[in-house]
Amino acid sequence: MSIKPDKWIRRMAEAHGMIEPFEPGQVKLRDSNKLISYGTSSYGYDVRCAREFKIFTNINSTIVDPKAFDPSSFVDVEADVCIIPPNSFALARTVEYFRIPRKVLTICLGKSTYARCGIIVNVTPLEPEWEGHVTLEFSNTTPLPAKIYANEGVAQMLFLESDEECETSYKDRGGKYQGQQGVTLPRT
């Protein structure tokens with residue numbers, strides 16, 4: 001990058017609508033209450049989790065099969081806090097909607113605040129020209145229930161810009177998760 005990474009992120013968000021809604025700074029307080037930070041950081045962007053959650057349950061004693069996923073394996077919750085059962089997981093989505101430029105690959109890593117509590121955030125890379133709300137997976141690796149806070153930072157997006165555009169983008173090949181809204185389950 002020829003400009004500072006945080007300025008690059010601001011420029012891409014403003015000029016290309018890469019992140020909406022976009023926070024140009026780092027938000028750490030809300031009404032004098034501490035929160036897990038979100039917004040533009042030195043080399044990335046800290047995303048927030050929306051209030052929509054799908055909490056995994058084994059109530060139906062089904063087999064988890066990515067080729068034939070049973071949506072009844074989840075309980076839908078809309079709340080400011082999600083409690084993930086021990087050794088289980090939940091799906092959520094980002095507050096932010098992304099439009100990844102053709103010369104950019106985006107990698108997502110969990111925030112250390114959650115990682116230090118045994119909560120792992122998993123997201124696959126956002127490919128060039130992918131767009132949508134990002135579906136987030138939270139794994140609770142602990143033997144205790146774990147909390148996830150909506151509208152607060154949960155993961156950091158890192159943007160890798162190439163000198164050249166890719167030959168075939170996610171949009172070009174008609175990727176199955178293009179333009180996803182809300183929490184999106186596996187598709188084949």
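Listed values, structure above:
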quantity: Pairs where the first residue, in the stretch 16-27, is under 14 Å from GLU96 (Cα atoms) and the second is modelled with pLDDT under 95 and part of a helix (DSSP H, G or I), C-beta under 7 Å, 6+ apart; calculated: MET18/MET12; ILE19/ALA13; PHE22/ALA13; PRO24/ARG10
quantity: VAL154 vs. criteria at pLDDT below 95 and either of a type in the set (A, V, I, L, M, F, W, C) or in contact with a Gly (Cβ under 6 Å, 6 or more places away or on another chain) (or both); calculated: no
quantity: Residues located in the stretch 76-117, provided they are over 12 Å from the mean Cα position of the chain (by Cα) and among the small types (Gly, Ala, Ser); calculated: ALA79, SER88, ALA90, SER112, ALA115
quantity: Candidates VAL81, VAL104, VAL123, filtered to the one that is in contact with a strand residue (DSSP E or B) (Cβ under 7 Å, 6 or more places away or on another chain) and more than 19 Å from GLY44 (Cβ to Cβ); calculated: VAL81
quantity: In the stretch 69-93, the residues that are closer than 25 Å to LYS28 by Cα, free of Cβ contacts under 8 Å to residues at least 60 places away in the same chain and either of a type in the set (Val, Ile, Thr) or surrounded by 13 or more Cβ atoms within 10 Å (Cβ to Cβ) (or both); calculated: ALA90
quantity: Filter pass, LYS4 being within 19 Å of SER162 (Cα to Cα), in contact with a Ser or Thr (Cβ under 7 Å, 6 or more places away or on another chain) and basic (Lys, Arg); calculated: no
quantity: Any hit, the stretch 49-65, residues being in contact (Cβ under 8 Å) with a residue 12 or more places away in the chain, surrounded by 17 or more Cβ atoms within 10 Å (Cβ to Cβ), hydrophobic (A, V, I, L, M, F, W, C) and in contact with a Gly (Cβ under 7 Å, 6 or more places away or on another chain); calculated: no
quantity: All positions within the stretch 157-188 that are over 30 Å from SER72 (Cα atoms), buried (at least 16 other Cβ atoms within 10 Å of the Cβ) and among the polar types (S, T, N, Q); calculated: SER169
quantity: Only listed residue being in contact (Cβ under 8 Å) with a residue 24 or more places away in the chain, closer than 22 Å to LEU35 by Cβ, surrounded by 18 or more Cβ atoms within 10 Å (Cβ to Cβ) and within 19 Å of the chain's Cα centre (by Cα), chosen from GLY132, GLY153; calculated: GLY153
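The values are calculated or read from the model by the stated rules, or taken from the named source; none is laboratory data. All values reported here derive from a predicted model rather than from experimental measurement. Neighbour counts run over all protein chains shown; Cβ positions are idealised from the backbone, glycine included.
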